[in-house]
Amino acid sequence: MENHRIFIVEDDKKIAQLLADTLRKYQYDVAIVEDFDQVTKESLAFDPHLILLDINLPSYDGYYWCRQLRQHTTCPILFISARSGDMDQVFALENGGDDFITKPFHYEIVLAKIRSHLRRTFGEYAPNQSERTVKIGALHLYIERMELHIRENSVPLQKKECVILELLMDAAPKVVSREKLLEELWDDQSFVDENTLNVNMTRVRKKLADYDIKSSIETVRGAGYRFLLAPEES
């Protein structure tokens, strides 16, 4: 079984290195962020099972990065911060965090919290349910992974791309209305510009084309969109 991967986003190099060294002693695979303007990109490349995230960071704070990360991952995110106010902890949880550890901390507590969250997410306490997928022809959409598989190839997706494909593939060959797509993509449709859905649909189409997928998304004027399975992918 692979070791769990932990991604550390901490600008105090000494603390980050001590955390990494401690975690590696317990057989975790660890990566420390290198470019604080590329937190999401580095996290996606490492594909962590859990993220340790500081609040006070260069350029953007941890709350911002937590919101960005939540567009791509559901893995546990544990805030680690010298801030100890109640509202700091509230903001951390409301911006997508799962737990809050106050500095200075005991490494035993950090390890215990990491083990607890990993057990709940991936271990014996994890929900015993099969992974949600949508299959149409040779195309398999893995929703939790945010990946579209076609035979031996895997296409990484962003969250909204995955939602769009899930709705269209699940309904195919029926049309999915613009209203349904807007409702699923955004909580409050009243503040969504009419062109926003078009932009996201263009991105999905480009993603399919970039990976040489012949199946396509058809615009049905006045109704919505429909997923068309290509004969060679049926």
Checklist entry - Considering the dipole of the chain built from charges on the beta carbon (Lys and Arg +1, Asp and Glu -1) around the Cα centre, which of ILE109, GLN27, ASN56 is farthest to its positive end? => result GLN27
Checklist entry - Roughly how many debye, to the nearest 20, is the charge dipole of the range 1-156 about its Cα centre, given +1 on each Lys and Arg Cβ, -1 on each Asp and Glu Cβ, and no other charges? => result 400 debye
Next on the checklist: Between the range 71-122 and the range 136-165, what is the separation of their alpha carbon centroids in Å?
Outcome noted: 29 Å
Checklist outcome for this item: Over the range 25-67, with neighbouring protein chains present, the accessible area per residue in Å² at probe 1.4 Å is 51 Å²
Checklist outcome for this item: the range 13-59 -> Rg/Rh from Cα coords, Kirkwood Rh, value 0.95
Checklist entry - How many percent of the accessible area of the chain is carbon or sulfur, using a 1.4 Å probe? => result 47 percent
Next on the checklist: I'd like the FRET efficiency for THR219 and GLU108, computed as 1/(1 + (r/R0)^6) with the beta carbon distance as r and R0 of 41 Å, rounded to 0.05.
Outcome noted: 0.10
Item to check | CD proxy at 222 nm, helix term only [per DSSP H run n ≥ 4: -39500 (n - 2.57); per residue of the chain; nearest 500] | outcome: -12000 deg cm²/dmol
Checklist outcome for this item: Non-local residues with an amide H under 5 Å from the amide H of ILE32, with H modelled 1.01 Å from N and Pro and chain starts lacking one, are ILE8
Next on the checklist: As a test, work out the antiparallel percent of DSSP beta bridges whose residues both lie in the chain, rounded to the nearest 5.
Outcome noted: 55 percent
Checklist entry - With the Cα gyration tensor of the range 1-118 giving a ≥ b ≥ c as the square roots of its eigenvalues, does the rule (a/c under 1.5 for rounded; else a/b larger than b/c for prolate; else oblate) give rounded, prolate or oblate? => result rounded
Checklist entry - Which of LYS13/LYS113; LYS113/LYS159; LYS160/LYS214; LYS103/LYS160; LYS135/LYS206; LYS25/LYS207 have a Cα-Cα distance over 29 Å? => result LYS103/LYS160; LYS25/LYS207
Checklist outcome for this item: For the chain, the Cα convex hull volume per residue in Å³ comes to 150 Å³
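The values are calculated or read from the model by the stated rules, or taken from the named source; none is laboratory data. This structure is a prediction, so every number in the text was calculated from the model and none was measured. Heads up, the Cβs are rebuilt from the backbone with ideal geometry, glycines too, and the neighbour counts pull from every protein chain shown. The area values use the complete protein model at the heavy-atom level, side chains included, leaving out ligands, DNA and RNA. Shrake-Rupley method; radii C 1.70, N 1.55, O 1.52, S 1.80 Å.
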